[in-house]
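Peer 1: Can you read through this structure? Questions will come right after.
Just so it is clear, none of the values below were taken in a lab; they were calculated from the coordinates. Just so we're clear, the structure is a prediction, and the values are computed from it rather than from any experiment.
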Amino acid sequence: GGTSPLPITLVEFEGVRTGQDNLLTWLTATEEHSSHFELQRSLDGVSFEPIAIIEGAGNSMTAT
């Protein structure tokens with residue numbers, strides 16, 4: 001059987017440029033012990049820095 005390296009099942013992820021910003025949205029089918037998502041950015045694709053913390057659903061078996 002397959003296993004997932006993440007405690008979530010990601011259904012959809014989208015990024016849209018809005019002016020000088022980017023709007024990121026995602027949909028998860030399940031989350032297991034997921035307290036939060038940490039958004040990071042990189043100017044060179046190698047080094048990343050955290051820019052936001054988004055609350056997770058914790059334990060969810062429905063799309064959130």
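Peer 1: Quick one: length gained pulling HIS36 to GLU55 fully straight, 0.36 nm per residue minus the C-alpha distance?
Peer 2: 6.4 nm
Peer 1: State the extension gain, in nm to one decimal, for the chain segment bounded by SER47 and PHE13, taking 0.36 nm per residue of separation less the distance between their alpha-carbons.
Peer 2: The span from SER47 to PHE13 would gain 10.1 nm if fully extended.
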